[in-house]
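These notes are about the structure you will find just below.
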Amino acid sequence: MYSNQLVAQSSELDRADFYRKTYMHVALAVLAFIAVEAFLLNVIPQSFIIGMVGQKYTWLLVLGIFWVASMLANKWSLSQSRSTQYMGLGFYVLIEAFIFLPMIYMAVIYAGTGVIFQAAMLTVALFAGLSGVAFSSKRDFSFLRSIIIVGGFVSIGLIVAGMIFGFNLGLWFSVGMVLLASASILYETSKLKEAYTTN
């Protein structure tokens with residue numbers, strides 16, 4: 001039975017068990033995402049998928065809906081009720097699958113299915129490396145919160161400007177987004193041991 005204490009202050013055994021269960025949930029959520037994405041790609045008409053990004057402001061509307069929905073999913077996941085937490089996780093998997101739909105569709109059409117496998121392997125390697133740093137480091141990564149918030153608003157501003165003025169964001173924007181996602185992984189992972197209890 002777990003005691004109600006911070007993960008950082010718990011025994012090595014309890015901490016290892018907490019991490020194992022947490023990452024098992026992440027792995028199951030990723031598998032659910034793959035299943036939902038495959039289902040959506042086979043069921044949703046091609047015209048609808050292209051329509052999600054076909055107009056200047058349609059994609060901005062999709063991103064806005066995603067943002068609001070992800071805030072709701074996050075609120076549910078922080079609930080004291082375990083069933084509400086699972087509902088939040090399930091809802092988040094669903095909206096992630098929806099937001100990735102046009103990107104994965106275009107990647108498969110233009111580059112083939114091999115590019116999806118390569119992206120998956122790079123993502124797993126990056127996530128594993130960053131999580132290892134967050135778990136093994138004694139540093140407090142809470143300072144990254146401000147960087148993530150400011151970087152998020154800057155990226156949204158650049159996306160909106162690109163849509164309005166019709167310029168391509170290019171490779172450096174993608175590199176910036178990878179760095180922002182990396183900072184987010186470090187922040188969220190380190191928060192596990194500093195902000196959550198073992199139960």
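For residue 138 and residue 28, a Förster radius of 25 Å and the Cβ-Cβ distance give a FRET efficiency of 0.25, rounded to the nearest 0.05. Divide the volume of the convex hull around the Cα atoms of region 55-110 by the residue count and you get 60 Å³ per residue.
With a Förster radius of 41 Å applied to the beta-carbon distance between residue 163 and residue 9, the computed FRET efficiency rounds to 0.30. Once Lys and Arg get +1 and Asp and Glu get -1 on their Cβ, which of 18, 6, 36 lies farthest toward the positive end of the dipole of region 1-75? My answer, from the dipole projection, is 36. For the chain, a simple Cβ point-charge model (Lys and Arg +1, Asp and Glu -1, everything else neutral) yields a dipole of about 220 debye relative to the Cα centre. For residue 196, nonlocal amide neighbours, meaning residues 5 or more places apart or on other chains whose placed amide H falls under 5 Å from its own, are 7.
The calculated FRET efficiency for the pair residue 80 and residue 154, based on their C-beta separation and a Förster distance of 30 Å, comes to about 0.30. Give me log10 I(q)/I(0) at q = 0.10 Å⁻¹ for the chain, Debye formula, one equal scatterer per alpha-carbon, no solvent. Calculated log10 I(q)/I(0) at the listed q: -0.51. Between residue 197 and residue 108, the contour length at 0.36 nm per residue exceeds the Cα-Cα span by 27.9 nm. Modelled spin labels at residue 172 and residue 16, positioned 7 Å past Cα toward Cβ, are 4.7 nm from each other.
Site pair residue 53 and residue 122 shows an inter-label distance of 1.5 nm when each label is modelled 7 Å from Cα along Cα→Cβ. For the chain, the membrane-span-like helices by this rule, meaning whole DSSP H stretches whose C-alpha atoms cover at least 18 Å of axis and whose Kyte-Doolittle mean is -1.0 or above, are 12-43, 56-77, 82-111, 114-136, 144-165, 170-195; this says nothing about an actual membrane.
Mean sequence separation of contacting Cα pairs (under 8 Å, at least six apart), scaled by the length of region 36-95, corresponds to a relative contact order of 25 percent. Computed over protein heavy atoms with a 1.4 angstrom probe, the accessible surface ordering of 75, 138, 193, largest first, is 138, 75, 193.
Ignoring everything but the protein chains, give the 1.4 Å probe accessible area of residue 186 in square angstrom, nearest 10. Here the accessible area works out near 30 Å².
Here's the picture: charge each Lys and Arg Cβ at +1 and each Asp and Glu Cβ at -1 in region 90-199, and of 147, 108, 173 the one pushed furthest to the positive end of that dipole is 147.
The values are calculated or read from the model by the stated rules, or taken from the named source; none is laboratory data. Owing to the predicted nature of the structure, the values given are computational and were not obtained by experimental measurement. All Cβ positions, even for glycine, are placed from backbone atoms using ideal geometry, and neighbour counts span all protein chains on display. The protein model used for the area step is the full one, side chains on, heavy atoms only, and it has no ligands, DNA or RNA in it. Shrake-Rupley method; radii C 1.70, N 1.55, O 1.52, S 1.80 Å.
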